[in-house]
Each structure stands twice: as structure tokens, then as C-alpha cells.
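K.L.:
Input: one structure, supplied below.
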Amino acid sequence: MKSWTDNAPKPEALQESPHMRDSLSYRLKKMLLGKPLNRHSLAHQRLKKRYALGVLSSDPISSSAYGTEQILVVLVPTFGILAFSMLMPMTAVVLAVLIIITLSYRNVISTYTQFGGAYIVARDNFRPLIAQVAAVALILDYVVTLAIQSAAGVAAIISAFPHLHPYKIPMAVSIILFLAYGNLRGVKEAGKMFALPTYLFIVSMFIVFIIGIIREITGTLPTLDPRAEGALVLGEDKALLAGATIFILLRAFANGGSSLTGLEAISDGVGLFKTPEYVNARRTLVIMSTILGSLVFGISYFAHKIYAMPYQDEAPTVISQVAHAILGDGTFGTIFFYIVQAGTMLILFAGANTTFNAFPIVVNYAAADGYLPRWLTKRGHRLNFSNGILVLTISALILVFATGASVSFLVAFYALGVFTAFTISGLGMAKHNFKNRKEKWKINFVINGLAGSIAFIVVIVFSIVKFNQGAWVILFIAPVLIMALTRLRRRYEIEQDALELSTATSRATSISHHHVAVLVDKIDIATVATVRYARSLKPQSLIALHFVVDDQKGKELAEEWAKNPAFDDISLELIDCPDRRLARAAVDYAVRATMKTDVELTLLLPRRAYSRFLGRILHDQTAEAIARPISQLPRVVATIVPFDVDRILNGRSATTNEKSDLAPSEQVATVERPLRAQSEFLSDKTRASHFSSEIMPIGKISWRNRAHVQGRVSALRSSPSSSAPRIDVEVWDESGGVTLQFLGRREIAGLEVGSVLRAEGMVGEQEGALTILNPSYEILD
């Protein structure tokens, strides 16, 4: 190396290397979902309170659209007209429970300031079994929520356009798929999309209530015919002391409890809020509960005033009857009625959308603890838990088809899961307060304990009164899922124990004798490439193996091998394989070669990669078949050395000089070192200026001159523990990269991959690349 002589090449800053070509599937994904978001921009996907209200509060707020109707569905066939007198007391009980549950979750959010759903509370305060119960309860609840909210939104459309009733199931399916697509594009985009429908529904319903109050005061509020065609048949008045009557009232309360579903979503999604997360989450929770209570009270009040009847085919809905009766048939009333129906439809769909934010978070935590498959913890193309979104979508679609998208059928599966979560959260927080006894712990203990106890009573009531209407399905599936989660966790523990690093295995990092054998079927450039790689391993012995299944071919191969000067230092061993079972022959050879415990064998298998379709038809997969059993032997490693034949035939390269496909604001350093945008290192409001006057682009720094640079850390390299302490930090901006070398240390506090770093020092070189030795530095992000 002549780096320090006068005629040596000039050291240069690190430059972009070619990127791997995108596959067709990735290009399609990018076209459908947009450009990938970089993980360093995750904080920018947080939600403001006004968007969080649209994303996380739409589920409970939308439940007000059918909560009153579900109470009447139970009361009307039994009590007849008297059901409307009983509606308001029943609503008052539901609102009382709402207040208690809200105060309980307010305490949950204050304690668990990032993610604090029932699963986290149970995991920290109870045994693992209770945490699994919470996880299963939430999983089932969110699946049912997505199905029922979509079905209810479709019912709102059919209430305005009855001729669409035959298309109920296709419409519900289309809505679920549309919501899934929106959430696969990212949480922030989904939040903006559903903030407006939430506010549209709230404002339109409050306008309806105001007009309704005016009409009631003026005596112009109409009443509807409770015996209209298609409505549920009115029952006869029953004595309230009868045991059957009490059972019916409990069923009505269980149905009305569906109005409270979704309160869990905000505590599950605290981490989605902008900082300070828990403060914004608590405020949003209180606002949401206030709006929900007002809507439930208003709809129930006017429903009992005008005798709004539930219908057998679920259309028109009670809320649509309330709006239509109050607004009237005039021009303004007709137009605004359709606005209300549009708002109702959209808020129900927005409520369904809430599950796409809460469900993936819950399964992410459960999977991280080993109770669900680990692939549910991976973030997708747009920084969301896309696998969780897909699982939720498929599960909800199955439920929609199974129930015919019927709200009445789906309610039977509803609320049991969410009230189980309320129970665990309340009792878990009560235990937490009693154990830790911080400020105001007694008040919080009473609130949480009361909420958990009431929710537990609701679970018992719901299980009994809804058992034969579908609750038995949940009561059957839940234990099965809990057992599955337990077995999955046990399996992960067994695998972890098998891979656990002991003191003996930690020290066994080298072996006395390393032999390498290259399996040869024919001589071509793939074989030459494999031999070249074998030499780079610097083994103590290197041989070539050919398993003879054809004598003539074996003879010709041996002659060709002997004539080729590329292999003059490698002997070819021919091994008889009379039964043509190559994998077995390879295993037998490996066992013989490693009979001594100080010998390690590496088998190199050239694999010629052809086109995916024709390659599978025209060529076998021998390398994979041999490597699979070999990998089960101790001290034997089977390495497949791929060689892309299809690339040679097409005359194309596997890499491209195209820039990274990250959006300009997302072009930050990753392990692939994509193009860095200097604007990323500044605030969002100063995109136009690239660097301040004292900062120099890395691509313009020069050898033996001082430089002041700023960029994002793409790589950290520490020296081995047996060597002198040193850490190399690779920093990039949009013009190039440079290595910062710190001697005498193995780590820098607060510095990690993705950090934005500013450094100043003398520019030197190492192996032809510019390096700044022991610079002064400042960590900016």
C-alpha cells in the first residue's frame, strides 16, 4: 500500500455502492403501499391529540350508534311499549359503568406511560396465565369489533339505500379490505383519514340533538308507529318481579354494554401519541368518554321519546329513525339526514379502523413474550406491524362470512372479551396500587377495584345470559387459545434452552483441525468460484469430492480435473454411490471424516441458480437435499455457494446504481447505506438549508486538513476484547461518508446506529479511505 508516498492515489471519502435490484414483488409492494419508511423516522409517525381522537376513540364513540338499539332488541319483544320507559334507567346504568371504567383506565395510563393495556397490567401484576387470558380476550374482542363495526356501517348505508340489502356481505368485506389497505400504508395516514369522519358524526349528532330539544319544547317532536311493518313484534307487559324478567333485564344490560367497547384502545396505544404521551392519552380518554356518554344518552333519550323500533332485518336502524324523525321530510331535513347517515357510516368504519392500531400492538407484546409467533413483532414496509394487520383482517373476514354480516349475531360474541380485559386491568391496577402505595393510592385502589369488580360481574352476567346466543363459542375458543399460547411459550423456552450459551461452549470458539471438502458434479465457473471460496477459508486440508453414480461420467471428470491447472493443488476423491442416494453418501463421508473430536468439516456445495420457473423444471435441487441432513451432524457445516446462471444468460447485474427508494425525508443511514438527505439532520421547518456555514459536506473534506462534518451514523465497529480498545464510527451525509476513529474506548455513551453526530478533527487516511482520528464530537439526535 503506497498511501503515504507522493505518487499514491489520493484518499477519498466513502461513496455510495450499488444497491441490490428490487424484486418484482417488492416493486409491486412499493407501488401499492408507497415508498418504505425508515425506522429512524418512527417518531414522526406519532399522532397529535386531534388525530389520536380519530384513530383510537372512534371505536367506543361509534358504538353509540347501535348500543341503544341492542338494548331495545331485548326489551321490546318482552315488555312491549313499556320497554321505552325502561330504556333510560338501563342507559343510566351503562353510563355509570362508563364513568367508573374511564377513571380506572385513567389510572392505568398514568402508571403505564407507554403501553398499558390489560395484557401489560396482567403481565406485571399477575401470573403468566392471567396475562394469557387478557391477551386472548383482547384478540377475540378486536376481531369481533372489526367485524361488527363494519357490518353496522353497512347497515347504516342500507338504512339510507334499502335496495343495497342483497349486497350486505360483499360491502362488509370490501370495507374490511379497504381499511386493511389504509393501515398497511401507515398509522399516520390512517389517522388523518379517519379524523374527519369522527368529528363529522359528533357534530352532526349534536346538531340533531339540539333540533330535537327545540322540537320537544315547541311540541312538534313526532312519534313513530311501534307496529310498523318489519319492526320487531311488541311483547306484552310483564311483572318486574318475575325471575324471567330479571334475566331479560340482565340480557338487555349485557347488550347495552357493547357501547363501552373500545375504551381499552387508548391505553393499548399510548405510545402512538406525541410527547408527553401519557398526558395526551389521558386527555383524549376523558374527551372520548364525555363524547361517548353524551351520544349514548342523547340517542336513548330521543329513541324513547319517539318510539324508535328495532327492525328484524336491522334496517332502518334506531339512530337513523331518531335522525329522520327529528329532522323531518323538508329539503334541509332530507339533506341533513343523509349527512347524518354518512357520518354514522363513516364513524362505524372509523371504529373498525381502531382495531388495526390496537390489535397489532397487543399481539406484538404477546409475541415478544413468546406466547405468539415471533413474526408478529416485525414492523413492515410502512413501520407498522403489518403481519398483525393481516392476521386481524383474515380473522374478521372469516367471522363476517360465518355470521352473514349480521350485527345481532355478532353482538353475541361481543363485549365478553372487552369486559374480561376491563376486569383484569381494574383488579391488576388495584393490586399495583396496594403493593406500591404511592400518592393517592387509596383513592386509586378503590376506583380500580370497583371497576374490576363491576366488570367481573358483567362478564359473569354476559356468560350466562348470552351463552345460548353465541357466547358459548367464545367460552370454548378462549381456553383452547390459552392452551395454544402456553404450548407455544413452552416450545420457545425449549428452543432457547437448547441454544443457551454455557461457559464451556463460550470457550470453544476454535478447533484444532479444519478440513474443507468441495462437492463436484462437473467442472465449470461455478466450481471454480466454490474452490476460490474454499481457499479463502485457509483450511488445513482441502479436497474435492465426487460421488460416482455413473462410471463413465466419473472417469471423464477425473481426467478433466487432472488437466485443469486451476486445481493442481487439490486432489479429487471419487466415492462410490451405488444406490444413488447422494445425501446419505455425503452424511456417511462426513461422519467418517469427523470421528476425531478435534476435527471440524465444512462441505461446500456449488448451487447453480437458474430462472425460478424453468429452473425448477429443468434442474434438480440436489444441494438443498444434501445440506439438510448434513446440518444435523455435530462439527459439520454444509455451506451452499450460490452462482446465478440466469444473470449471465440475461447479461444483467444483481445490483443497480439507482438511488435508494426511501422518500427524500426518509433517506437516512441504514446498513445498506442509502443516500442520506442533509435535510433529515435539520428540523422539519428548515428543509431548504442543507448545512450551516461552519459545517462541511463530507464529500468535500480533504486529507491532512481539519474538517467539521455532520451526518447520521450508519455503522459502529468495536475492536475485539483481546485487542487494544478502539471504536470506528461510520458517518454519512448526502455527499459521502467518513470513518471517525476513537482510540482507547470500546463504546461512546448515547451513541447508536441512526444517531445524528457532529464531529471536528484532522482528516487522515486508512487503507485509502479518509478517517478522522479522535475527533471532538456532539451527539445531536
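The values are calculated or read from the model by the stated rules, or taken from the named source; none is laboratory data. Because the structure is a prediction, the values reported are computed rather than measured. Note: ideal-geometry Cβ built from the backbone for every residue, glycine included; neighbour counts use all protein chains shown. Surface accessibility is based on the protein's heavy atoms, side chains included, excluding ligands, DNA and RNA. Shrake-Rupley method; radii C 1.70, N 1.55, O 1.52, S 1.80 Å.
K.L.:
From the set of residues in segment 304-315 that are open to solvent by 10 Å² or more (accessible area, probe 1.4 Å) and more than 38 Å from the chain's Cα centre (by Cα), which is farthest from residue 66 (Cα to Cα)? Before the answer, list the steps.
P.N.:
Kept after step one, since they are open to solvent by 10 Å² or more (accessible area, probe 1.4 Å), are these residues of segment 304-315: 304-305, 307, 311-315.
Still in the list and also more than 38 Å from the chain's Cα centre (by Cα): 304-305, 307, 311-312.
On the way: 304: 14, 305: 17, 307: 15, 311: 12, 312: 14 Å.
Selected residue: 305.
K.L.:
Same structure, new question: Just one of 14, 24 is open to solvent by 80 Å² or more (accessible area, probe 1.4 Å), among the hydrophobic types (A, V, I, L, M, F, W, C) and modelled with pLDDT of 70 or more; which is it?
P.N.:
On the way: 14 fails: open to solvent by 80 Å² or more (accessible area, probe 1.4 Å).
Residue meeting the stated conditions: 24.
K.L.:
With respect to residue 347, determine if the residue is within 30 Å of residue 211 (Cα to Cα), among the β-branched types (Val, Ile, Thr) and touching a Pro at 6+ places or on another chain (Cβ under 6 Å). Outline the logic, then answer.
P.N.:
On the way: within 30 Å of residue 211 (Cα to Cα): yes; among the β-branched types (Val, Ile, Thr): yes; touching a Pro at 6+ places or on another chain (Cβ under 6 Å): yes.
The answer is yes for residue 347.
K.L.:
Now a separate question. Can residue 367 be described as on the phi < 0 side of the Ramachandran plot, without any contact (Cβ under 8 Å) to a residue 12 or more places away in the chain and open to solvent by less than 40 Å² (accessible area, probe 1.4 Å)? Break it down into steps so the answer makes sense when it comes.
P.N.:
Working: on the phi < 0 side of the Ramachandran plot: yes; without any contact (Cβ under 8 Å) to a residue 12 or more places away in the chain: yes; open to solvent by less than 40 Å² (accessible area, probe 1.4 Å): yes.
Against the criterion (on the phi < 0 side of the Ramachandran plot, without any contact (Cβ under 8 Å) to a residue 12 or more places away in the chain and open to solvent by less than 40 Å² (accessible area, probe 1.4 Å)), residue 367 qualifies.
K.L.:
Output the residues belonging to segment 595-604 that are modelled with pLDDT under 85 and open to solvent by less than 80 Å² (accessible area, probe 1.4 Å). Reasoning before the result, please.
P.N.:
Step one: filter segment 595-604 for residues modelled with pLDDT under 85, giving 595-598.
Of everything in segment 595-604, just one residue is modelled with pLDDT under 85 and open to solvent by less than 80 Å² (accessible area, probe 1.4 Å), namely 598.
K.L.:
A follow-up question, please. Testing residue 331 on (1) under 10 Å from the mean Cα position of the chain (by Cα); (2) under 28 Å from residue 219 (Cα atoms), one condition comes back false. Which one is that?
P.N.:
(1)
K.L.:
Moving to a separate point now. Considering only residues that are in contact (Cβ under 8 Å) with a residue 60 or more places away in the chain, in contact with a Lys or Arg (Cβ under 8 Å, 6 or more places away or on another chain) and not β-branched (Val, Ile, Thr), look in segment 731-767 and name the one that is most open to solvent (accessible area, probe 1.4 Å).
P.N.:
By that ranking, first place goes to 734.
K.L.:
Hey, another quick one. So, in segment 610-650, of the ones that are exposed (fewer than 10 other Cβ atoms within 10 Å of the Cβ) and within 30 Å of residue 597 (Cβ to Cβ), which residue ends up modelled with the highest pLDDT?
P.N.:
634
To keep it simple, each residue is scored yes or no on (1) in contact with a Lys or Arg (Cβ under 8 Å, 6 or more places away or on another chain); (2) crowded, with 24+ Cβ neighbours inside 10 Å.
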site	(1), (2)
246	no, no
249	no, no
256	no, yes
266	no, yes
270	no, yes
274	yes, no
278	no, no
290	no, no
302	no, yes
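K.L.:
Does segment 540-548 contain any residue that is open to solvent by 80 Å² or more (accessible area, probe 1.4 Å) and in contact with a His (Cβ under 7 Å, 6 or more places away or on another chain)?
P.N.:
Narrowing segment 540-548 to residues open to solvent by 80 Å² or more (accessible area, probe 1.4 Å): 540.
If we keep only those that are in contact with a His (Cβ under 7 Å, 6 or more places away or on another chain) as well, we get 540.
The answer is yes, given that some residue of segment 540-548 is open to solvent by 80 Å² or more (accessible area, probe 1.4 Å) and in contact with a His (Cβ under 7 Å, 6 or more places away or on another chain).
K.L.:
Identify, please: which residue in segment 377-399 is buried (at least 24 other Cβ atoms within 10 Å of the Cβ) and at pLDDT 85 or above and is, among those, farthest from residue 183 (Cα to Cα)?
P.N.:
The residue in question is 396.
K.L.:
Turning to a different aspect of this structure: List the residue pairs whose Cβ atoms are under 8 Å apart, where the first residue sits in segment 422-442 and is open to solvent by less than 100 Å² (accessible area, probe 1.4 Å), the second is assigned to a loop (DSSP other than H, G, I, E, B), and the two are 6 or more positions apart or on different chains.
P.N.:
What qualifies is 422/263; 424/126; 425/117; 428/126; 431/126.
K.L.:
Do we have any residue at all in segment 463-477 that's loosely packed, with under 15 Cβ neighbours inside 10 Å, within 28 Å of the chain's Cα centre (by Cα) and at pLDDT 85 or above?
P.N.:
For segment 463-477, residues loosely packed, with under 15 Cβ neighbours inside 10 Å, within 28 Å of the chain's Cα centre (by Cα) and at pLDDT 85 or above: present.
K.L.:
Only one of these conditions is not met by residue 447: (1) under 30 Å from residue 312 (Cβ atoms); (2) among the aliphatic types (A, V, I, L, M); (3) part of a helix (DSSP H, G or I). Which number is it?
P.N.:
Residue 447 satisfies every listed condition except (1).
K.L.:
Given (1) among the hydrophobic types (A, V, I, L, M, F, W, C); (2) open to solvent by 10 Å² or more (accessible area, probe 1.4 Å); (3) under 37 Å from the mean Cα position of the chain (by Cα), where does residue 318 come up short, assuming only one miss?
P.N.:
For residue 318, the exception is condition (2).
K.L.:
When residues of segment 159-186 are filtered for being open to solvent by less than 10 Å² (accessible area, probe 1.4 Å) and not small (Gly, Ala, Ser), how many remain?
P.N.:
3
K.L.:
Any idea which of 405, 352 is open to solvent by less than 10 Å² (accessible area, probe 1.4 Å) and outside any helix (DSSP H, G or I)?
P.N.:
Being open to solvent by less than 10 Å² (accessible area, probe 1.4 Å) and outside any helix (DSSP H, G or I) holds for just one of 405, 352, which is 405.
K.L.:
I'm trying to understand the selection: among the residues of segment 768-777, which are surrounded by fewer than 19 Cβ atoms within 10 Å (Cβ to Cβ), outside any loop (DSSP other than H, G, I, E, B) and touching a residue at least 60 places away in the same chain (Cβ under 8 Å)?
P.N.:
Answer for segment 768-777, where residues must be surrounded by fewer than 19 Cβ atoms within 10 Å (Cβ to Cβ), outside any loop (DSSP other than H, G, I, E, B) and touching a residue at least 60 places away in the same chain (Cβ under 8 Å): just 769.
K.L.:
Kindly establish whether residue 267 is of a type in the set (Gly, Ala, Ser), over 25 Å from residue 162 (Cα atoms) and within 38 Å of the chain's Cα centre (by Cα).
P.N.:
On the way: of a type in the set (Gly, Ala, Ser): yes; over 25 Å from residue 162 (Cα atoms): yes; within 38 Å of the chain's Cα centre (by Cα): yes.
When the stated conditions are applied, residue 267 passes them.
K.L.:
Might you check whether a residue that is out of contact with any strand residue (DSSP E or B) (no Cβ under 9 Å at 6 or more places or on another chain), under 19 Å from residue 259 (Cα atoms) and either in contact (Cβ under 8 Å) with a residue 40 or more places away in the chain or of a type in the set (Asp, Glu) (or both) occurs anywhere in segment 382-405? Steps first, answer last, please.
P.N.:
So the first thing to find is which residues in segment 382-405 are out of contact with any strand residue (DSSP E or B) (no Cβ under 9 Å at 6 or more places or on another chain), and the list is 382-405.
Going one step further and asking which of them are under 19 Å from residue 259 (Cα atoms), we end up with 405.
Going one step further and asking which of them are either in contact (Cβ under 8 Å) with a residue 40 or more places away in the chain or of a type in the set (Asp, Glu) (or both), we end up with 405.
Checking segment 382-405: at least one residue is out of contact with any strand residue (DSSP E or B) (no Cβ under 9 Å at 6 or more places or on another chain), under 19 Å from residue 259 (Cα atoms) and either in contact (Cβ under 8 Å) with a residue 40 or more places away in the chain or of a type in the set (Asp, Glu) (or both).
K.L.:
Here is a list of conditions, (1) closer than 24 Å to residue 722 by Cα; (2) in a strand (DSSP E or B), and residue 764 meets all of them except one; can you say which number that is?
P.N.:
It fails just one condition, (1).
K.L.:
Yes or no: segment 345-362 includes at least one residue that is of a type in the set (Gly, Ala, Ser) and modelled with pLDDT of 85 or more. Give the steps one after another, and end with the answer.
P.N.:
At the first step, the residues of segment 345-362 found to be of a type in the set (Gly, Ala, Ser) are 350-352, 358.
Filter again for modelled with pLDDT of 85 or more, leaving none.
Within segment 345-362, none of the residues are of a type in the set (Gly, Ala, Ser) and modelled with pLDDT of 85 or more.
K.L.:
Yes or no: residue 713 farther than 16 Å from residue 12 by Cβ and in a strand (DSSP E or B)?
P.N.:
Numbers: farther than 16 Å from residue 12 by Cβ: yes; in a strand (DSSP E or B): yes.
Yes; evaluated as a whole, the condition is true for this residue.
K.L.:
Sticking with this one: Across segment 88-124, which residue is nearest to residue 304 (Cα to Cα) among those that are polar (S, T, N, Q) and over 25 Å from the mean Cα position of the chain (by Cα)?
P.N.:
Pass one, segment 88-124, residues polar (S, T, N, Q): 91, 102, 104, 107, 110-111, 113-114.
Now narrow it down to the ones that are over 25 Å from the mean Cα position of the chain (by Cα): 91, 102, 104, 107.
Numbers: 91: 11, 102: 26, 104: 31, 107: 35 Å.
Ranking the qualifying residues of segment 88-124, first place goes to 91.
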